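The values are calculated or read from the model by the stated rules, or taken from the named source; none is laboratory data. On a predicted model such as this, the values are computed, not experimentally measured, just so you know. In this analysis, Cβ positions are derived from the backbone assuming ideal geometry, glycine residues included, and neighbour counts consider all displayed protein chains.
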Amino acid sequence: MQTTLLGRTGLSVTAAGLGCGGFSRIGVAKYGEAHASGIARAAYDAGVTFFDTAAVYGTETALGKGLAGLPRSSYVLSTKFPYRGPAGLQGPELLVKTLDESLRALGTDYIDVYHIHAVTAADYPWVRGTLLPELLRAKEKGKIRFVGITEQFAVDTSHEMLKLALPENHFDVIMTGYNLLNPSAAKTVLPTAIKNNVAVLCMFAVRSALSNPAQLKIDLGRILARSQGGAGLTDDPHILDFLLEPGAAESITEAAYRFARHTPGITVTLTGTSEKAHLLANLRSINAPPLPSAVLARLSALFGNVDCVSGQ
């Protein structure tokens, strides 16, 4: 497994990380907690050292059980606080309570990276002023090692929140959506992250539009309606078939993971699944070489100006 430094945290991690959210949530709902724990352990056994979950995913306990008994220094844990609940904004007291619950569920006495989860641009000033101080207090107490923030990419496809947060440089790690249909983070997020040595976790590298022709057609239509597509872009769901040409990739999924993994500024590319065979295939894709330059040039020509879809 390829490794990298997690930005200014100095932690050594694998370039591929197990994401315990998304549609699969490592199989908790479909197969149960024991199966999900097995997926986490299979990732570790395959060499993965970075694991990302969240309080709202319902996978913290399964992840904790999957990693139980292993040397705590041999893996890095990332989890998140849901700052919005049914009653609206949730303050510092609930953050402390939720953090303590996450520590118990994960079976650990510290979290390596603790994020404020799915922050919007409108809420960012409140998050910075109200929750960030509590994160820093938790860090002083040793409950967390580094602070992070994640965007709500499904609705914030142009990264408005991170455009506010990154220049202020409060966070050691961020999570952003990035994929071959919407590579806008390479222009608006990654340069500042590189400048400040902020680690970037990549979510949405593969989403339904890359496996569902009907969803891809919808997203292509959105791109065309916004006049963001390059010359030659149509709503034909076969538009990505050039990724399968000899010398390119064996699947669109493989191409998508390789595209994200080798983008300068992306630190960890997350993959999530409920099946061990699928997990291992995805890890092979993330650890594969960069896509050929001609393929990257064609993707840039078609999608380089897109910031209006997530691929979800």
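From the list ALA165, ALA260, exactly one residue is among the hydrophobic types (A, V, I, L, M, F, W, C) and farther than 25 Å from SER285 by Cβ. Which is it?
ALA165
Within the range 222-241, restricting attention to residues that are exposed (fewer than 14 other Cβ atoms within 10 Å of the Cβ), more than 10 Å from VAL306 (Cα to Cα) and not aliphatic (A, V, I, L, M), which residue is farthest from the chain's Cα centre (by Cα)?
Filtering the range 222-241 for residues that are exposed (fewer than 14 other Cβ atoms within 10 Å of the Cβ), more than 10 Å from VAL306 (Cα to Cα) and not aliphatic (A, V, I, L, M), the one farthest from the chain's Cα centre (by Cα) comes out as GLY232.
From the list THR263, THR269, THR253, THR273, which residue is of a type in the set (Val, Ile, Thr) and assigned to a helix (DSSP H, G or I)?
Within the list THR263, THR269, THR253, THR273, the selection yields THR253.
How about the range 4-20: which of its residues are touching a Gly at 6+ places or on another chain (Cβ under 9 Å) and more than 11 Å from LEU63 (Cα to Cα)?
Of everything in the range 4-20, those that are touching a Gly at 6+ places or on another chain (Cβ under 9 Å) and more than 11 Å from LEU63 (Cα to Cα) turn out to be THR14, ALA16.
Working only within the range 41-56, note down all residues that are of a type outside the set (Phe, Trp, Tyr), buried (at least 16 other Cβ atoms within 10 Å of the Cβ) and either at pLDDT below 95 or more than 27 Å from ARG84 (Cβ to Cβ) (or both).
Hits for the range 41-56 are ARG41, ALA42, ALA43, ALA46, VAL48, THR49.
Tell me, please, whether a residue that is part of a helix (DSSP H, G or I) and aliphatic (A, V, I, L, M) can be found in the range 305-312.
No, that holds for no residue.
Let's see how each residue does on (1) among the charged types (D, E, K, R); (2) more than 26 Å from ALA154 (Cβ to Cβ):
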residue	(1), (2)
ALA16	no, no
HIS35	no, yes
ARG41	yes, yes
ALA62	no, no
GLY69	no, yes
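Which of the helices (runs of 4 or more DSSP H) found entirely inside the range 117-229 contain at least 1 residues meeting this: polar (S, T, N, Q) and modelled with pLDDT of 95 or more?
Qualifying helices (runs of 4 or more DSSP H): 185-188, 190-196, 213-225.
Do you know which residues across the range 122-138 are surrounded by 16 or more Cβ atoms within 10 Å (Cβ to Cβ) and small (Gly, Ala, Ser)?
ALA138
From the list ALA277, ALA214, which one is loosely packed, with under 14 Cβ neighbours inside 10 Å and farther than 29 Å from LEU63 by Cα?
ALA214
Does the range 21-48 hold any residues that are polar (S, T, N, Q) and closer than 15 Å to THR61 by Cα, and which are they?
SER37
Return the total of residues in the range 122-144 being of a type in the set (A, V, I, L, M) and touching a residue at least 40 places away in the same chain (Cβ under 8 Å).
5
Yes/no matrix, rows are residues, columns are (1) surrounded by 23 or more Cβ atoms within 10 Å (Cβ to Cβ); (2) over 15 Å from GLU134 (Cβ atoms); (3) without any contact (Cβ under 8 Å) to a residue 60 or more places away in the chain; (4) in contact with a helix residue (DSSP H, G or I) (Cβ under 8 Å, 6 or more places away or on another chain):
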site: SER73; (1), (2), (3), (4): no, yes, yes, no
site: SER78; (1), (2), (3), (4): yes, yes, no, no
site: ARG84; (1), (2), (3), (4): no, yes, yes, no
site: ALA87; (1), (2), (3), (4): no, yes, yes, no
site: PRO92; (1), (2), (3), (4): no, no, yes, yes
site: THR98; (1), (2), (3), (4): no, no, yes, yes
site: TYR110; (1), (2), (3), (4): no, yes, yes, yes
site: ILE116; (1), (2), (3), (4): yes, no, yes, yes
site: THR120; (1), (2), (3), (4): no, yes, yes, yes
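Restricting to the range 9-28, count the residues that are surrounded by 14 or more Cβ atoms within 10 Å (Cβ to Cβ) and more than 11 Å from VAL48 (Cβ to Cβ).
Of the residues in the range 9-28, 10 are surrounded by 14 or more Cβ atoms within 10 Å (Cβ to Cβ) and more than 11 Å from VAL48 (Cβ to Cβ).
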